[in-house]
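The values are calculated or read from the model by the stated rules, or taken from the named source; none is laboratory data. In this text the structure is predicted, and so the values were computed from the model without any measurement. Glycine gets a Cβ as well: all are built from the backbone with ideal geometry, and neighbour counts include every protein chain shown.
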Amino acid sequence: MMLKRLLLLSLCSFFLLPAFGQNMRKKLKKRTAEACVYGNVGYYGNAHWSLGANIHYLHGIGRKKQTFSVGMGIRANMFNTKRREYTTSSRVMTALNPGGADTLYMPKVQTNTLNGYIALKIHIKQGVDVFFSTDIGGINFGDSKDGYFQSYETEPLPPGILYKSEPYAFNLHMPWTESYGTIMSEAYGSFRINDVLYWRLGFNYLRNEYKIDRNIPMNGKRFYQNHWMVMSGLCFDIRWHRTIAQSDYQL
C-alpha cells in the first residue's frame, strides 16, 4: 500500500510540473519600473537646453523572450532658450498665406511642462536596452514673454510688432494632424551601471508652442518651433530587488 501511494504521488507531481512551470512563467513577466533625472542640450542658431525628471512602468509582451515591453509614464520638463523665431502653427493658414509662414521672434523662452507619455522598450542583452517614448498630452506653466511679429507681407521694422505671449496652456500630441502645446519624443539607450542604477544616452525632439494675446489675420494666435537635443540621464530601478531575482530565470 505504501508503494502504491508513493507511485501515485510521483505521478501527480509529474503532471503538476508543467502547470507549475506555466505559473512561474506568468509570475516572471518582465516589468520595468524606473525613475530618472536627465538633461538635454542642443545648438543650431544658438543654444537651447532643458532639465527634467520622469517615472514610468512597462510590461513585457509575450511569454517567452519578451524582447518588447510597453507602458506609460509621467514626465516633468523645464525648457529654456533665447533669440528664436517661431512660425505660424496653423497649417491651413500657412497654406492660405501667399508669403508662406510668418514668424514670431522670441527674445527669451522658458516653458515648464507636465506630460503623460507612452514608451516602448527593446531588450538587446543583459543590462542593455533601447527605449522610444513620446508625450500624449498634459499642461504647461510659464511666464508671459514679449514676442515680435514679423510678416513677409507687411515687413515691419526690426524687431517687429510687439505682442504679449505665453506658453500654450494645454498639450496634445496628434501625429497625423496639428499638435498643440509642448510635446517631447525621445530615443535612447539604457546601460546598467550596477544593480540599482542605469545610464541613459540618446536624443530627443521637442515641439514648443507659444500663444499671443491677439489674433493676427492669416496666422491666428499660435506659433511654434521644433528643437533637437542630445540627452543624458541617470535612472533608478524602483523594483531592483525583483529585477535581480528574475535575472536567473530569463525566458
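A few comments on the model shown:
- Residue list for the stretch 113-131, filter: assigned to a strand (DSSP E or B), in contact (Cβ under 8 Å) with a residue 40 or more places away in the chain and not hydrophobic (A, V, I, L, M, F, W, C): 113, 115, 116, 117, 121, 123, 129
- Residues satisfying the stated conditions in the stretch 177-194, i.e. closer than 22 Å to residue 113 by Cα and in a loop (DSSP other than H, G, I, E, B): 177, 178, 179, 181, 182
- Selection within the stretch 132-148: residues that are hydroxyl-bearing (Ser, Thr, Tyr) and in a strand (DSSP E or B). The member of this set that is nearest to residue 217 (Cα to Cα) is 148.
- Residue 87 being outside any loop (DSSP other than H, G, I, E, B), β-branched (Val, Ile, Thr), more than 26 Å from residue 189 (Cα to Cα) and at pLDDT 90 or above: yes
- Scan of the stretch 196-215 for residues that are hydroxyl-bearing (Ser, Thr, Tyr) and closer than 17 Å to residue 148 by Cβ, ordered by number: 210
- Selection over the stretch 110-122 of residues that are under 22 Å from residue 49 (Cβ atoms) and either crowded, with 21+ Cβ neighbours inside 10 Å or β-branched (Val, Ile, Thr) (or both) gives a count of 4.
- Taken over the stretch 76-109, the criterion of being surrounded by 22 or more Cβ atoms within 10 Å (Cβ to Cβ) and of a type in the set (D, E, K, R) is satisfied by 102 alone.
- Counted residues, the stretch 195-226 - those being in a strand (DSSP E or B) and touching a residue at least 40 places away in the same chain (Cβ under 8 Å): 19
- Filtering the stretch 90-99 for residues that are modelled with pLDDT of 80 or more and part of a strand (DSSP E or B) leaves an empty set.
- Residue 171 meets all of the listed conditions (1) touching a helix residue (DSSP H, G or I) at 6+ places or on another chain (Cβ under 8 Å); (2) surrounded by 18 or more Cβ atoms within 10 Å (Cβ to Cβ) but one, namely (1).
- Residue in the stretch 132-143 that is touching a Gly at 6+ places or on another chain (Cβ under 8 Å), more than 25 Å from residue 74 (Cβ to Cβ) and surrounded by 19 or more Cβ atoms within 10 Å (Cβ to Cβ) present: no
- Some residue of the stretch 209-226 being more than 24 Å from residue 43 (Cα to Cα) and within 15 Å of the chain's Cα centre (by Cα): no
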